[in-house]
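The values are calculated or read from the model by the stated rules, or taken from the named source; none is laboratory data. Worth saying up front: this structure is predicted, and the values here are computed from it rather than measured. In this analysis, Cβ positions are derived from the backbone assuming ideal geometry, glycine residues included, and neighbour counts consider all displayed protein chains. Calculation scope for accessible area: heavy atoms of the full protein, side chains included, ligands and nucleic acids excluded. Shrake-Rupley method; radii C 1.70, N 1.55, O 1.52, S 1.80 Å.
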Amino acid sequence: VIDFSRRKLAEGERAYLDRGANAVVQGDYPQALVTFERILKKSKNPQLPMIAIGCVRFAQGKYIKSVQAFTQCLDYLSSLHESACHPEDGYIAYHNRALASFRIGDDQGGIDDMVAAMGKKDCIHIREMLIISLRRMGRYKDAIMHSTKLLEMQEEENEEELKRMAKAELKASAGKSSRPNTAKKAALQLGEILGNLAGSTIEELEEYAP
């Protein structure tokens, strides 16, 4: 649902959220809802139980209620100053409301929420989902535009990973000239990966779907 461990919360509030999360893991959705709704009335961070309630409703297949819970969360977040909001909350609420919107046939609403989520945190995952959704709606030009950006992001991520590997290898091989040049091998492998990825079609990008 959400990683409560990274949040600064009062112990009592954290205990309730963890109790609700444990009920979700056990499949006891009614008990999870009771717990999250109880803490919602007292929480200083009501967006967290709102998001959790939306996730539980989604798991129950009650997609309209799921949309309502995420909408409640987004309405609350919009009333706060940006500095008072955790950077992940808006992204999670938009992302999850998009999924629920697709389930009730509101494709355009889902697309709009994905774009809004991307505005909160532009990442490979949201781009992948957006491409697949646009393609499903027949909006191929938009899908191609976002797939081009996705490939650029993947290249940047791979380049950063290569740099990390090279630094680690240089550190590990200091004074050991007889060891194989792993960094050079990694560079060759990366070139091959990028070459294959650059030739990917929109259809092949579907394999990246979560």
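Key figures for this structure:
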quantity: Accessible-area composition of segment 42-133, carbon plus sulfur, in percent [1.4 Å probe]; calculated: 52 percent
quantity: For segment 33-133, accessible area per residue (1.4 Å probe, heavy atoms of protein chains only), Å²; calculated: 46 Å²
quantity: Estimated distance in nm for a label pair at E157 and D142, the labels positioned 7 Å out from Cα along Cα-to-Cβ; calculated: 2.2 nm
quantity: Rounded to the nearest 10 Å², the accessible area of S78 at probe 1.4 Å; calculated: 90 Å²
quantity: Residue-wise HN-Hα coupling along segment 105-115, computed from phi with Karplus coefficients 6.51, -1.76, 1.60 (Hz; x: Gly, Pro); calculated: x, 8, 5, 5, x, x, 4, 4, 5, 5, 5
quantity: Gyration tensor (alpha-carbon) shape descriptor, segment 55-138, a/c threshold 1.5; calculated: oblate
quantity: Expected-Rg normalisation [2.2 N^0.38 Å, Cα atoms] applied to segment 1-98; calculated: 0.99
quantity: Vicinal HN-Hα couplings computed from phi for segment 146-152 (Karplus, 6.51 cos²θ - 1.76 cosθ + 1.60; Hz; Gly/Pro x); calculated: 6, 5, 4, 5, 4, 4, 4
